[in-house]
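Here's the structure we're looking at; comments come further down.
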Amino acid sequence: MHAIIEFHNVSKCYNSTPALSDINLTINKGDFVFLTGPSGAGKTTLLKLIFLSERPTEGEIIVNGVNITRMKSSAIPHFRRKLGVVFQDFKLLPGKTVFENVALGLEIIGLNRKLIKRRVWQVVKWVGLLQKIDSYPPYLSGGEQQRVAIARAIINNPMLLLADEPTGNLDPGLALEIMKLFKAINTRGTTIVIATHNRDMAETFSHNIVALSHGRLLEHSHLSAS
Amino acid sequence: MFNKILYCIKTAFRNMRANFGLNVLAISTIALTFIICITFVVVLTNAAALKTLWAERIQMIVYLKRTATPSDVERARRLIESLPEVRSLHFVSRDDALQQFRMMLQGQDSILEGLNENPLGHSFELRLSPDIKDDEQMAAVAATLKKIDAVDDVEYGRAWIERFSALFDILKITGIVLAGLLFLFSLLIVNNTLKLLLTSRRDEIEIMKLVGATTAFIKTPLCIEGMLQGIIGVAIAILVVSLAGLAVREPLQHLMALYAGMHRLIFLDPLSCCAFLALGAGLGLAGSLCAVGGLEEIHA
Ligand SMILES: Nc1ncnc2c1ncn2[C@@H]1O[C@H](COP(=O)(O)OP(=O)(O)OP(=O)(O)O)[C@@H](O)[C@H]1O
Ligand SMILES: [Mg+2]
């Protein structure tokens, strides 16, 4: 198995307050990993280091064989196009329709309209939101917005999907639906890293769990492997 | 590439509609600036044309006595022609002069009706040699001419032309300074508008960056927006100035023909319109380029 994410002695401080300390971590291609820990443990920070929204204070991070630790800012956009990220607060554009929000990832690479339309329809249909494709995010429920965010994240067929608290405010039934989506994406070969404070849910859906507490790696268990 | 450009243009138009108020503000500022600038250019162009016209025209008029006989006129002509200071002369008969006078009075020539006889005399319009430059030399020539028997009076208006020249120069300098200031001002306004637009779209820009948009891709619609503001502003200015010009054209032309001998006023031609439009686009682009520098600071 090949590693897709490697953390080597990574620390991250925000204004000299450590958020992550000395993290060593390897995630393999095709894994379905849960990143758990209480609020403030550093889950979001760890994900941000992977998609280069933040830079590590110390250590090296390698993504898909490329050392991204000191990647030039100008190279970041192209790097991000290979990732999909579902943000804790969705980060949808309120003034654009579901279609336009999802299409954004294709517009920036300059795909032609026809292809964009076909691909967006396909993905939006897949997450089950076709009837809302012309709606604006503020008029959607939390679960629907979550699905738009997922659709946008997978529109480019990313090799790696990062999701931050994707079932945060959803009822258990809806959470299950969303998890099924992630499972389905995973079976197509996409590596998935989901940050959640809900340890129970993590254990229900995967045996590959990374536990953080106060910025330290507590355990990395591969229960399925044993 | 083509798809990206298309997307950027579409986004620019969309954003303009979304931030209508701010765009209206920027466009009206540019329009106002250019209304003033274009008006100035039109006035200056006409003033320049007038200046050359006058500089080339009659510099001195020699009025002959009403009693002058044709042989007197002939003698006077020969004498005047023999002067080295005179480059050319044009005879205006008393009938022609009356005709001109009637034309000038136009409709009010009833005051001439009481006249049985033409009160005017013959005259010569002279153009002097280029060596005659100042008033003193003019006065000397005039004095020589006055000594001729048949000559009644000599009139020359060089000083007036020179004063007009000075006025023209002042006008020109004022215009350039004013235009410069106004340009700076509207550049500032466009720049500020786009900064405000940038702030209001902060979240959008952050999200675009997060999904992998390059800064160029984010900047382009903003620059197009700035350019459109410039072009629309100038187009409005050209329209306003042209309409105003159309409204005053007839009476103004008449006035200028009568009192300044200028028969054709110069208005905006298509080429200068294009130049102004390009200037507006450049202004908008410059303003937005300054503003989009702030884009780098948006963290994502
Ligand atoms: N931009 C920032 N500037 C300063 N401190 C930050 C910043 N982002 C996070 N932190 C701090 O770093 C620590 C880890 O934050 P992080 O957001 O990674 O936690 P988390 O595990 O995602 O928590 P939650 O479950 O609430 O989302 C916290 O103490 C937080 O206050
Ligand atoms: Mg978090």
Under the Karplus curve 6.51 cos²θ - 1.76 cosθ + 1.60, θ = phi - 60°, whole-Hz ³J(HN,Hα) for segment B:20-34, x wherever Gly or Pro sits:
4, x, 4, 5, 4, 4, 5, 5, 5, 4, 5, 4, 4, 4, 6
Can you give me the long-range amide H partners of A:Ala195? Hydrogens built in the peptide plane at 1.01 Å from N, cutoff under 5 Å, separation of 5 or more residues or another chain.
A:Leu35, A:Ala163, A:Asp164, A:Glu165
Using only the alpha-carbon atoms of segment B:59-156 as identical scatterers, what base-10 log of I(q)/I(0) does the Debye formula give at q = 0.24 Å⁻¹?
-1.21
Using a ≥ b ≥ c from the Cα gyration tensor of segment A:29-98 (square roots of the eigenvalues), is it rounded, prolate or oblate, where a/c under 1.5 gives rounded and otherwise the larger of a/b and b/c decides, a/b for prolate?
oblate
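Once the other residues with Cβ under 12 Å from the Cβ of A:Leu160 are scored (Lys, Arg +1; Asp, Glu -1), what is the net sum?
+3
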Hey, got the average number of other protein chain Cβ atoms within 10 angstrom for residues in B:6-13?
2
Which whole number gives the average count of other chain Cβ atoms within 10 Å of the Cβ atoms across peptide B:211-223?
5
Find me the longest stretch of chain B that has none of the exposed trypsin sites (Lys or Arg not before Pro), where exposed means in a DSSP loop (not H, G, I, E or B) with at most 13 other Cβ atoms within 10 Å.
B:148-263
Exposed trypsin sites (Lys or Arg not before Pro) absent: longest stretch of chain A, with sites in DSSP loops and at most 12 other Cβ within 10 Å deemed exposed
A:73-187
Leaving out same-chain residues fewer than 8 places away, which aspartates and glutamates sit with a Cα under 18 Å from that of B:Lys219?
A:Glu107, B:Asp203, B:Glu204, B:Glu206, B:Glu296, B:Glu297
Take every DSSP beta bridge with both residues inside the protein assembly as shown and express the antiparallel ones as a percent of the total, to the nearest 5.
65
Which entries of A:Lys82/B:Lys4; A:Lys29/A:Lys82; A:Lys72/B:Lys195 have Cα-Cα distances beyond 22 Å here?
A:Lys72/B:Lys195
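Taking the Cβ-Cβ separation of A:Gln131 and B:Ala48 as r and a Förster radius of 56 Å, what is the calculated FRET efficiency to the nearest 0.05? Don't skip to the end; give the middle numbers.
On the way: r = 69 Å, r/R0 = 1.23.
Taking R0 as 56 Å, the efficiency between A:Gln131 and B:Ala48 is 0.25.
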Sequence neighbours fewer than 8 away in the same chain don't count; with that in mind, list the aspartates and glutamates whose C-alpha is under 14 Å from A:Lys12.
A:Asp22, A:Glu54, A:Glu58, A:Glu60
When we measure straight from the Cα of B:Lys146, which lysines land under 20 angstrom away, once same-chain ones fewer than 8 places off are left out?
B:Lys65, B:Lys133
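For chain B, what is the mean residue ellipticity at 222 nm derived from helices alone (per DSSP H run of n ≥ 4: -39500 (n - 2.57); sum divided by total residues; nearest 500 deg cm²/dmol)?
-25000 deg cm²/dmol
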Summing Lys, Arg as +1 and Asp, Glu as -1, what charge do residues with Cβ under 14 Å from the Cβ of A:Asp134 carry, A:Asp134 excluded?
+2
Reciprocal of mean inverse Cα separation for segment A:131-219 (Kirkwood radius, Å)
14.2
What accessible area, in Å² to the nearest ten, does a 1.4 Å probe give for B:Leu25?
100
Based on the inverse mean of 1/r over its pairs of different Cα atoms, what is the Kirkwood hydrodynamic radius of the protein assembly as shown, in Å?
30.1
Relative contact order in percent for chain A (Cα pairs under 8 Å, 6+ apart) equals 29
How far apart, in nm, are the 7 Å Cα→Cβ label points at A:Lys117 and B:Arg75?
9.8
How much FRET efficiency would the formula 1/(1 + (r/R0)^6) give for B:Ile148 and B:Leu181, where r is the Cβ-Cβ distance and R0 is 51 Å, rounded to 0.05?
0.40
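Around A:Lys48, with a cut-off of 11 angstrom between Cβ atoms, what is the net charge of the other residues, counting Lys and Arg +1 and Asp and Glu -1? Before the final figure, lay out the partial values.
Details: positive: A:Lys12, A:Lys43, A:Arg55; negative: A:Glu54, A:Asp164.
After counting each charged neighbour, the total is +1.
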Rounded to two decimals, the Rg over Rh value of segment A:18-161 from Cα coordinates and the Kirkwood Rh reads 0.99
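Taking all protein chains together and a probe of 1.4 Å, list B:Ile236, A:Ile50 from the most accessible to the least accessible. Could you put the intermediate results ahead of the total?
Details: B:Ile236 70, A:Ile50 0 Å².
Most to least solvent-accessible, the answer reads B:Ile236, A:Ile50.
The values are calculated or read from the model by the stated rules, or taken from the named source; none is laboratory data. Quick caveat, the model's predicted, so the values are computed rather than measured. Reconstructed Cβ throughout: ideal geometry from the backbone, glycine too, with neighbour counts over all protein chains shown. With ligands, DNA and RNA removed, areas are computed over all heavy atoms of the protein, side chains included. Shrake-Rupley method; radii C 1.70, N 1.55, O 1.52, S 1.80 Å.
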